[in-house]
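> Below is a structure I'd like to ask you about.
The values are calculated or read from the model by the stated rules, or taken from the named source; none is laboratory data. Since this is a predicted model, take the numbers as computed values, not measurements. Positions of Cβ are backbone-derived with ideal geometry, glycine not excepted, and every protein chain shown enters the neighbour counts. Calculation scope for accessible area: heavy atoms of the full protein, side chains included, ligands and nucleic acids excluded. Shrake-Rupley method; radii C 1.70, N 1.55, O 1.52, S 1.80 Å.
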Amino acid sequence: MSENGDFALVTKPSSAVEKAEPGAKRILSAMVEDTLGVARRERVAAENKKLDREAYCRALRTITADDRAKMPPMISAAPASKAIQDKPKDEAEAIYRRGIEFSKQGEHEQAIDCFKRAAERGHLGAQHQLGWSYYTGHGVRQDYAEAVKWYCKAADQGLAGAQNDLGLVYDIGQGVPQDYTEAARRFRQAAEQGYALAQRNLGEAYHDGHGVPQEYTEAVKWYRKAAEQGNAVGQCNLGAAYHEGHGVPQDYIEAVKWFRKGAEQGFDDAQRNLGLAYDLGHGVPQDYTEAARRFRQAAEQGLARAQLNLGEAYHEGHGVPQDYAEAVKWYRKAAEQGHAGGQRNLGLAYDLGHGVPQDYAEAVKWFRMAADQGHAGAQCILGFMYHDGHGVPQDYAEAAKWYRKAAEQGCDAIAQYMLGWSCQYGKGVPQDNIEAYKWFRLAAETGYKKSEEQVISVGAMLSPKEFLVAEGRYNEFKESHQK
């Protein structure tokens with residue numbers, strides 16, 4: 001159940017592909033059906049090598065703001081008030097409490113007035129609350145710079161929640177210039193006070209090398225601290241570390257343990273990751289029904305990645321009855337959120353007439369959306385659409401352009417093969433056997449067996465000097481994509 005272009009769409013060669021003549025769009029129809037059927041095996045191979053950070057629970061540090069937006073306005077946003085080091089003056093505390101009461105009653109203007117008066121008297125909780133109110137636009141006009149001002153006042157006096165939130169705005173660059181180093185410094189201040197959200201965020205910083213050296217072991221250390229306090233995202237990230245073997249020995253059973261803990265709290269990414277574990281049989285017996293159940297939990301919360309997975313379960317009949325129309329429903333939900341994998345699969349549905357009337361123009365629309373986001377599979381398929389004039393005027397140059405975009409990502413063997421074919425026959429690009437050899441050689445190594453024959457046949461056409469040039473270009477590409 002791939003969701004992006006991180007692995008090549010490697011399929012069984014067909015007689016039409018072997019000929020590589022115009023009419024390749026008909027090849028595509030057979031090819032993409034095979035692709036959907038073998039996608040599970042492809043995904044297993046790819047994810048065993050490296051789990052995409054998006055696919056496997058990339059916990060965006062902005063989630064704190066998203067979480068807060070779902071909370072009762074302004075009340076839950078300042079849990080760190082319990083950690084205030086200096087006891088506020090009775091008057092400021094009383095004003096702050098009145099603000100909370102107003103907020104509970106939905107009287108936001110009065111609440112903000114109270115928070116301002118308490119904040120100006122030095123109440124740390126009120127300062128933090130006021131910063132959050134400006135950040136989210138609850139009760140006041142959204143103003144990131146004003147949010148930073150109040151976060152700073154509370155953070156500089158040691159309030160962990162404000163330190164964490166200040167780290168977030170530096171990490172994102174809202175109200176201040178983006179500064180990963182300052183973000184990591186603020187996360188650390190809060191994390192060392194035991195603040196779970198900051199521990200998770202500091203772990204993310206170490207994982208990504210943002211503001212600190214990339215260090216998976218240190219990332220795991222902070223994920224674990226957050227996870228052991230019950231932070232669902234920290235639990236999910238710790239599970240991902242065990243699944244990937246980043247900073248800890250790879251251990252699918254331990255990964256499932258932490259995914260389950262996050263899932264039990266209703267965290268959508270953890271639910272999806274647990275679904276993937278059941279789908280792949282990683283750390284648990286393979287169980288498509290349980291996988292589909294977990295995908296649905298996350299999909300119904302609006303997680304686009306899970307919506308794609310659930311759509312693919314319906315398409316393949318894994319854990320649910322095969323139902324193309326239901327598959328399209330979930331692909332569309334993901335696609336309309338801008339998810340490239342959902343857009344690609346929705347395009348395939350229109351291309352093949354699976355669950356919707358066949359409509360090449362509509363297919364092209366969705367393929368293009370995904371291709372413009374850099375989805376290699378969609379770029380390759382869009383090349384096929386131009387190659388055969390399905391949904392667009394036939395245009396070999398435009399086809400070659402999209403084959404190249406996918407091929408240069410280094411992961412799509414079919415795109416590399418088709419670009420090699422274009423170079424060999426001069427379709428949309430100048431005829432060039434040296435370039436053709438390079439791309440056929442890359443496709444063969446990426447996994448497309450048919451390319452091995454082309455490497456031999458085109459290689460035989462090259463002079464010794466041309467062969468050395470072709471090998472040099474091949475090696476140069478390989479080296480540039482290993483960095």
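Residues are listed down the side, and each one gets a yes or a no for (1) within 30 Å of Gln229 (Cα to Cα); (2) at pLDDT 95 or above:
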position	(1), (2)
Gly106	no, no
Ala111	no, no
Ala145	no, yes
Asp156	yes, yes
Gly167	yes, yes
Glu182	yes, yes
Gln189	yes, yes
Ala196	yes, yes
Glu204	yes, yes
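> Being within 30 Å of Gln286 (Cα to Cα) and crowded, with 24+ Cβ neighbours inside 10 Å narrows it down to one residue among Gly262, Gly266, Gly230, Gly245; which is it?
Within the list Gly262, Gly266, Gly230, Gly245, the selection yields Gly262.
> Sticking with this structure for a sec: Considering the range 306-323 alone, what residues qualify as being in a helix (DSSP H, G or I) and either open to solvent by less than 30 Å² (accessible area, probe 1.4 Å) or at pLDDT below 95 (or both)?
Here is the first cut: in the range 306-323, the residues in a helix (DSSP H, G or I) are 306-316.
Residues satisfying the conditions are Ala306, Gln307, Leu308, Asn309, Leu310, Gly311, Glu312, Ala313, Tyr314, His315.
> Sort out which residues of the range 158-190 are of a type in the set (Val, Ile, Thr), in a helix (DSSP H, G or I) and surrounded by fewer than 24 Cβ atoms within 10 Å (Cβ to Cβ), and write them in order of number.
Within the range 158-190, Ile172, Thr181 meet the criteria.
> Can you spot a residue in the range 107-117 that is of a type in the set (Gly, Ala, Ser), part of a helix (DSSP H, G or I), farther than 23 Å from Val233 by Cβ and open to solvent by 20 Å² or more (accessible area, probe 1.4 Å)?
No, there is no match, as no residue in the range 107-117 is of a type in the set (Gly, Ala, Ser), part of a helix (DSSP H, G or I), farther than 23 Å from Val233 by Cβ and open to solvent by 20 Å² or more (accessible area, probe 1.4 Å).
> Hey, which of the helices (runs of 4 or more DSSP H) in the range 220-302, taking only ones fully inside, have at least 1 residues that are β-branched (Val, Ile, Thr) and under 25 Å from Arg188 (Cα atoms)?
232-244
> Another one. Among (1) in contact with a Lys or Arg (Cβ under 8 Å, 6 or more places away or on another chain); (2) over 30 Å from Ala327 (Cα atoms), which single condition is Val212 missing?
Exception for Val212: condition (1).
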